[in-house]
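The values are calculated or read from the model by the stated rules, or taken from the named source; none is laboratory data. Not measured: the values here are computed from a predicted model. Here the Cβ positions follow ideal geometry from the backbone for every residue, glycine too, while neighbour counts run over all protein chains shown. Calculation scope for accessible area: heavy atoms of the full protein, side chains included, ligands and nucleic acids excluded. Shrake-Rupley method; radii C 1.70, N 1.55, O 1.52, S 1.80 Å.
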Amino acid sequence: MAAPIQHDPHGFKRRGVLFVLSSPSGAGKSTIARKLLASEPELSMSVSYTTRPPREGEVDGKDYHFVDLEKFREMVSNHEFLEWAHVFGQRYGTPKNDVFHVLSEGRDILFDIDWQGAQQLYQLAGGDVVRVFVLPPSMAELRQRLERRATDSQEIIDARMARAEAEVSHWDGYDYVLVNDDVEECFDCVKTILAAERLKRSRQTGIIGFIRKLRT
Ligand code: 5GP
């Protein structure tokens, strides 16, 4: 399914979208985020700070900024985060990084954060935020995906499953809830949501000039 793309021959300016993608870990969110970034040049990823140690293959500055607890606390007290939360006994935070400037330039930012982050971001930036929650087709399938991934011990997988159930209970804090039966189909839905949200009248900040011209 091709996403509807409206080119901009009239020079409309638009305001960007703060696009939040959450899911229990293993539900396919990272694959969808990767594909979205590859296909959407106006979208960039917010890289969070975390106190958790890097997993094998993770790159500092790309997957996360890995910091110790002292540094994280210092950043909290300097108000350097848009939001932050405790997840799995570690701390995760979204840096401010001039997001509102990025929005006003018509560029979008993708956030891979949990329900606590989605809630805080929404409280802060309301209408700029679009929250998408990706569900696994079943909890049994989620466990299988986590086991197939083989990056975590059984104990961690059990903890992730317990947390997944808690995450799922926050489904109603999102604007869109999708079931990831098939990653390509789910990706197409996410792309369509982004395309439609970009076209919302409230984001078409340049349209007023066009309307004035039409009426003269
Ligand atoms: P992981 O350790 O598996 O990379 O991430 C664990 C969870 O933390 C995921 O659900 C992810 O979405 C969430 N997370 C990552 N960065 C942030 C952040 O900056 N803020 C919040 N609230 N959650 C985050």
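Of the residues in segment 174-204, how many are in contact with a strand residue (DSSP E or B) (Cβ under 7 Å, 6 or more places away or on another chain), open to solvent by 30 Å² or more (accessible area, probe 1.4 Å) and in a helix (DSSP H, G or I)?
1
Mind listing just one residue for me: the one in segment 100-118 that is open to solvent by 60 Å² or more (accessible area, probe 1.4 Å) and free of Cβ contacts under 8 Å to residues at least 40 places away in the same chain and, of those, farthest from the ligand (Cβ to nearest atom)?
Looking at the filtered set, the residue picked out is H101.
With respect to L121, determine if the residue is touching a helix residue (DSSP H, G or I) at 6+ places or on another chain (Cβ under 7 Å) and open to solvent by less than 80 Å² (accessible area, probe 1.4 Å).
Spelling it out, it is not the case that L121 is touching a helix residue (DSSP H, G or I) at 6+ places or on another chain (Cβ under 7 Å) and open to solvent by less than 80 Å² (accessible area, probe 1.4 Å).
How many of the residues in segment 81-111 are modelled with pLDDT of 95 or more and among the acidic types (D, E)?
2
Okay, residues lined up against (1) of a type in the set (G, A, S); (2) assigned to a loop (DSSP other than H, G, I, E, B); (3) touching a Phe, Trp or Tyr at 6+ places or on another chain (Cβ under 7 Å); (4) under 20 Å from V47 (Cβ atoms):
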residue: E83; (1), (2), (3), (4): no, no, no, yes
residue: Q119; (1), (2), (3), (4): no, no, no, no
residue: V130; (1), (2), (3), (4): no, no, yes, yes
residue: P137; (1), (2), (3), (4): no, yes, no, no
residue: L146; (1), (2), (3), (4): no, no, no, no
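Of the residues that sit in segment 29-73 and are over 26 Å from K191 (Cα atoms), more than 14 Å from the ligand (Cβ to nearest atom) and exposed (fewer than 12 other Cβ atoms within 10 Å of the Cβ), which one is farthest from the chain's Cα centre (by Cα)?
Looking at the filtered set, the residue picked out is E70.
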